[in-house]
Amino acid sequence: MATWIFEPGHTEAEFRARHMMVTWVRGLFKDIHGRLELDWERCLEAMFTGEIDAAGIWTGQAERDEHLRSADFFDVENHPKITFAGHFTERTGSTAFKGEVELTIRGVTRTVGLDVHYLGEWKTPFWVGNESKGELRRIGFEATARINRHDFGVSWQDEIPGGGVVVSNEIELVLDVEAILLEDLERTGAIEYYRDQARPSRSSREGF
């Protein structure tokens with residue numbers, strides 16, 4: 001099995017929920033770390049794991065984000081991480097799979113079904129200053145799912161006249177993953193940049 005490391009700067013989880021019965025609110029989590037073990041000759045043995053910084057939730061409105069971090073929703077003070085561990089269960093096309101993931105939110109773990117699409121592989125240059133350190137092989141996947149938030153204890157709700165609710169119970173999820181082959185990270189020295197994503201002085205033409 002080859003090991004691929006999630007690239008946090010280009011990996012994200014998006015969710016959307018109905019608001020006031022009439023429109024959608026979308027949010028993002030960006031600080032996602034994880035890895036994928038994959039051999040295309042045995043692709044149904046692939047496994048992946050990851051964790052998300054729950055406090056990093058962003059919906060574009062600071063007041064709403066603070067409410068989502070509170071005990072009414074994600075309770076990030078007591079549950080700072082959202083974690084997941086999953087595998088492929090079926091190949092449904094040349095680039096399509098079914099999968100399952102053990103998703104943990106607020107300390108509650110549930111099995112969630114996934115629709116997974118492979119987006120491709122590409123060799124990209126890795127530069128430090130004006131010096132080329134070699135190539136990094138990258139792959140991309142998109143996974144989609146639907147969950148009932150109450151299954152995870154994310155259960156704040158308010159009613160509106162006519163039998164409606166403020167926030168839908170069903171949540172749609174999209175996970176976009178860009179991953180880099182660990183072997184290439186180690187060979188080029190890019191692993192040091194991966195370990196220090198917050199370092200502002202790093203120099204790389206490809207934005208690692």
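Scanning segment 1-23 for residues that are part of a strand (DSSP E or B) and either at pLDDT 95 or above or under 20 Å from the mean Cα position of the chain (by Cα) (or both) yields Ala2, Thr3, Trp4, Ile5, Phe6, Glu12, Ala13, Glu14, Phe15, Arg16, Ala17.
Tell me yes or no: at least one residue of segment 113-122 is buried (at least 17 other Cβ atoms within 10 Å of the Cβ), at pLDDT 95 or above and under 24 Å from Val166 (Cβ atoms). No, segment 113-122 contains no residue that is buried (at least 17 other Cβ atoms within 10 Å of the Cβ), at pLDDT 95 or above and under 24 Å from Val166 (Cβ atoms). Being in contact with a helix residue (DSSP H, G or I) (Cβ under 8 Å, 6 or more places away or on another chain), of a type in the set (Gly, Ala, Ser) and over 23 Å from Ile180 (Cβ atoms), is that true of even one residue in segment 130-151? No, segment 130-151 contains no residue that is in contact with a helix residue (DSSP H, G or I) (Cβ under 8 Å, 6 or more places away or on another chain), of a type in the set (Gly, Ala, Ser) and over 23 Å from Ile180 (Cβ atoms). Exactly one residue among Gly60, Gly9 is surrounded by fewer than 15 Cβ atoms within 10 Å (Cβ to Cβ) and closer than 30 Å to Pro161 by Cβ, and that residue is Gly60. Scanning segment 118-154 for residues that are without any contact (Cβ under 8 Å) to a residue 12 or more places away in the chain and in a loop (DSSP other than H, G, I, E, B) gives a single hit, Asn130.
How many residues are under 30 Å from Phe6 (Cα atoms) and either of a type in the set (Ser, Thr, Tyr) or not in a loop (DSSP other than H, G, I, E, B) (or both) if we restrict to segment 156-176?
Total satisfying the criteria: 7.
For segment 82-106, a residue qualifies if it is within 15 Å of the chain's Cα centre (by Cα) and closer than 30 Å to Arg69 by Cβ, and the qualifying residues are Ile82, Thr83, Phe84, Ala85, Gly86, Gly99, Glu100, Val101, Glu102, Leu103, Thr104, Ile105.
The values are calculated or read from the model by the stated rules, or taken from the named source; none is laboratory data. These numbers were taken from a predicted model, which means no experiment stands behind them. For neighbour counting, all protein chains shown are included, and Cβ atoms are generated from backbone atoms with ideal geometry for every residue, glycine included.
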